[in-house]
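All of the numbers you see were taken from the coordinates with simple rules; none came from a lab. These numbers come from a predicted model, not from an experiment. Positions of Cβ are generated from backbone atoms using ideal geometry, with glycine treated the same way; all protein chains shown enter the neighbour counts.
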Amino acid sequence: MPIARVLASGMVERIGIEGGSIQYKSERGSLKYDEDFADHNVGLKKIATVLMNPQSGVIDSADEVDAVGHRVVHGGQKFSEINRVTEDVKENIRQLFSLAPLHNPANLTGIEVAEALFPNAEQFCVFDTAFFSSIPQKAYQFAIPQRFLNEEHIRTYGFHGTSHKYVSAKAQEYLNAENLKLITIHLGNGCSMTALENGKPIDTSLGFGPANGLIMGTRAGDIDQTVVFYLQEKLGYSVQEVNTLLNKESGMLGLTGYSDLRDIEAKAEAGDAVCKLALEMNAYRIRKYIGAYAAALNGLDALVFTAGIGENSSTIRRLVCEKMDFLGISIDVSANLERKKGIHEIQSKEAKVKVLIIPTNEELEIANQVYNSVGVEN
């Protein structure tokens, strides 16, 4: 930084499930091998090992790192911007575990491991919820007694804000326009959608915690709250059991037995009716949100697909954009199948709405915010 040159990149995949792997690439060499990672602690330590590998690493010592930026999913009402890590900040992240059970614990693990591995570096948190501070009260408030908002701060916070912020800015830059009505669709193991006008979010699908909205890898998304009462009162589930069921055992995993969409698509292509239906359900939920957000925006200029599934699954993009011509959305089948780097358009010639694939870069967005906060000199 500040020239934003990538020294190394990589991925640790399938943490906590079988078939784990690590990929690493730098100017000095590459590594790729299969290894199971029990949890994020193990995965993060392995990342530090490859970064300081004598043959392919990019740093000789942990002392070379000036700052570490951490994505933290839930910042609650207290954190609306980047924060330097303190014991108070860590305690607040810990207090929000129940609202982001799949993320905040792992995020705190990342901070604590990085503090141990890079003891002289400044640590910073970039909160996913911060980007959504512009959402109006009519959209973020729930229709429950007013005291729950005033006293307990129960409201929509929104998540994946770092990704939505990055790709919406890139869409404006690519289309050379600021006054756009956009819907950004972040599809990964966690999924969310955001409606934006003039670069500012006006609504988003994830709410008080990152479990609402779309069907996700292991999360149910929108569900009739009566089901929760039924599970507890009629079937005898405890509060924690319901929490585990809806966050870790539902979504695509609950529907098919698989949480990785690549596995589900392969099974569907081979004729598995259950997996085929799950893909259709997934896309149907996204289409409903597109309709709702197009209405909230009173129009739509562009649709943006991003994140692992959004960028790579031509199947999901096709299923989402089918029979959407009423809203001016249709895609070119050939363009949708092409694998390209960078931003590219996949809408058909007659479409009124641009359909863009924009690779997200949360790491760069975090790095920019950290660099501007710490004032590291090049």
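Here are the numbers for the structure shown:
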item: Residues R5, R155, sorted so that the one with the fewest Cβ neighbours within 10 Å comes first; result: R5, R155
item: Relative contact order (percent, whole number), the stretch 212-348, Cα cutoff 8 Å, 6+ residue spacing; result: 16 percent
item: Efficiency of FRET from Cβ geometry, Q23 and A116, R₀ 35 Å, rounded to 0.05; result: 0.90
item: Highest-MSF residue in the chain out of T360, T129, T109 [GNM, Cα springs under 10 Å]; result: T109
item: Whole-Hz couplings from phi, Karplus 6.51/-1.76/1.60, listed for the stretch 75-91; x for Gly and Pro; result: x, x, 7, 7, 10, 10, 7, 4, 9, 6, 6, 9, 4, 5, 4, 4, 5
item: Under-20-angstrom lysine pairs by C-alpha in the stretch 177-362, whenever the two are 8 or more apart or on separate chains; result: 18
item: Packing-based order for 299-310, 40-51, 139-150, 77-88, using average beta carbon neighbours within 10 Å, highest first; result: 299-310, 40-51, 77-88, 139-150
item: Label zone at R14 (point 7 Å along Cα-to-Cβ), backbone N below 15 Å, the stretch 264-308; result: 264-267
item: Inter-label distance for I144 and N41, nm, one decimal - labels placed 7 Å from Cα along Cα-to-Cβ; result: 3.3 nm
item: Highest-fluctuation residue, K200, K349, K90 considered, GNM on the chain with Cα pairs under 10 Å; result: K349
item: The chain, relative contact order in percent, only Cα pairs under 8 angstrom and at least six apart counted; result: 14 percent
item: Cβ-based exposure ranking for R14, R219, in which fewest neighbours within 10 Å come first; result: R14, R219
item: Cα convex hull volume per residue for the stretch 1-60 (Å³); result: 82 Å³
item: Mean Cα-pair separation over length for the stretch 79-225, i.e. relative contact order, pairs under 8 Å, 6 or more apart, %; result: 20 percent
item: Residue with peak Gaussian network fluctuation, the chain [Cα springs, cutoff 10 Å], from H74, H103, H153; result: H153
item: P(r) weight above 12 Å for the stretch 39-79, C-alpha pairs, percent; result: 71 percent
item: Residue-by-residue Karplus 3J(HN,Hα) for the stretch 311-317, coefficients 6.51, -1.76, 1.60, Hz, glycine and proline x; result: 7, 10, 9, 5, 5, 5, 4
item: Order of F131, F159, F124, F97 under a 10 Å beta carbon neighbour criterion, fewest first; result: F97, F124, F131, F159
item: Gyration tensor (alpha-carbon) shape descriptor, the stretch 85-182, a/c threshold 1.5; result: oblate
item: In nm, spacing of pseudo-spin labels at I59 and D224 (7 Å Cα→C-beta vector); result: 5.3 nm
